[in-house]
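Here is the structure we will look at.
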Amino acid sequence: MTLTLRIARAEPTPENLLALLGLIDERAEWLRYKGTDQWAKPWPDERRRNERVLKGLQVRKTWIVWDDDRPAATVTTATRANPAIWMKPYSQCNLSESAVYVHRLITARDYSGLELGSQLIDWVGLRARREYGARWIRIDVWTTNDALHDYYQRQGFSPCGRCPDPDYPSGALFQKPVAGIPAGRIPQVSGTSAEFTMESARESVLSA
């Protein structure tokens, strides 16, 4: 069945903040049963986690995929590396080359199987290449979540170092070239939002 979704730049409203925190908490609950300590508790604590999420909204770098009024997925981006995470010689990528840095890529459990995550990754890369010539998509991944490392490698990412801070939990560094990414299902937004369709075999997604 065809599912019509909408990707929109998220305004810094209380409603959007609650939607994002809900996606995070839902994913954290699911991860508890997957043999990983990822997001077992907010890092470094709930208040500062929430402040980071709000900051992403305030600087207009967060996007939400909506199914009517239900948040289906989200991603936050940055144009520059966090120097406390991406630093030589621990990062083996060329940090002088332009890149987009991906944060808080989350898909709601009801929308798993639609490949929204992989579509958002490529959409971010193509958008960054169009806007400022980005050559790479980069992401720091939970250090101990080997299954997540495998997922990103299946999406075309390659390992490119580790964050040297032993207390930083998301220290596995990965990058993917933007060159060669084909146009995906999510359109490049010229304004603040755009609709697109995905094919779903799950009636529950459409009727819940």
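If you check P159, P164, P177 for being modelled with pLDDT under 95 and surrounded by fewer than 20 Cβ atoms within 10 Å (Cβ to Cβ), only one passes: P164.
With respect to the stated conditions, I85 is part of a loop (DSSP other than H, G, I, E, B), aliphatic (A, V, I, L, M) and in contact with a strand residue (DSSP E or B) (Cβ under 7 Å, 6 or more places away or on another chain).
Applying the criterion of being surrounded by 11 or more Cβ atoms within 10 Å (Cβ to Cβ) and among the aromatic types (F, W, Y) to the residues of region 1-43, the residue that is farthest from L120 (Cα to Cα) is W43. Name the pairs: first residue in region 23-51 and within 26 Å of T13 (Cβ to Cβ), second residue in a loop (DSSP other than H, G, I, E, B) and of a type outside the set (S, T, Y), Cβ to Cβ under 7 Å, at least 6 apart or on different chains? Taking only residues 6 or more apart or on different chains, the pairs are L23/A108; E26/A108; R27/W39; A28/W39; W43/P169; R49/P42; R49/W43. For region 107-125, taking the residues that are touching a residue at least 60 places away in the same chain (Cβ under 8 Å) and in contact with a Pro (Cβ under 9 Å, 6 or more places away or on another chain), the one that is nearest to W63 (Cα to Cα) is identified as W123.
Would you be able to tell me the number of residues in region 58-115 that are among the hydrophobic types (A, V, I, L, M, F, W, C), surrounded by fewer than 13 Cβ atoms within 10 Å (Cβ to Cβ) and more than 22 Å from A194 (Cα to Cα)?
Let us first name the residues in region 58-115 that are among the hydrophobic types (A, V, I, L, M, F, W, C), namely 59, 63-66, 72-73, 75, 78, 81, 84-87, 93, 95, 99-100, 102, 105-106, 108, 114.
So of that shortlist, the ones also surrounded by fewer than 13 Cβ atoms within 10 Å (Cβ to Cβ) come out as 59, 84.
Subset that is more than 22 Å from A194 (Cα to Cα): 84.
Looking only at that region, the number is 1.
Search region 140-168 for residues that are on the phi > 0 side of the Ramachandran plot and pair each with any residue that is loosely packed, with under 15 Cβ neighbours inside 10 Å and part of a loop (DSSP other than H, G, I, E, B) when their beta-carbon atoms are under 7 Å apart and the residues are at least 6 apart or on different chains. Taking only residues 6 or more apart or on different chains, the pairs are G161/Q92.
The values are calculated or read from the model by the stated rules, or taken from the named source; none is laboratory data. None of the values given here were measured: they were computed from a predicted structure. Quick reminder, even Gly has a Cβ in these numbers, built from the backbone with ideal geometry, and neighbours come from all protein chains shown.
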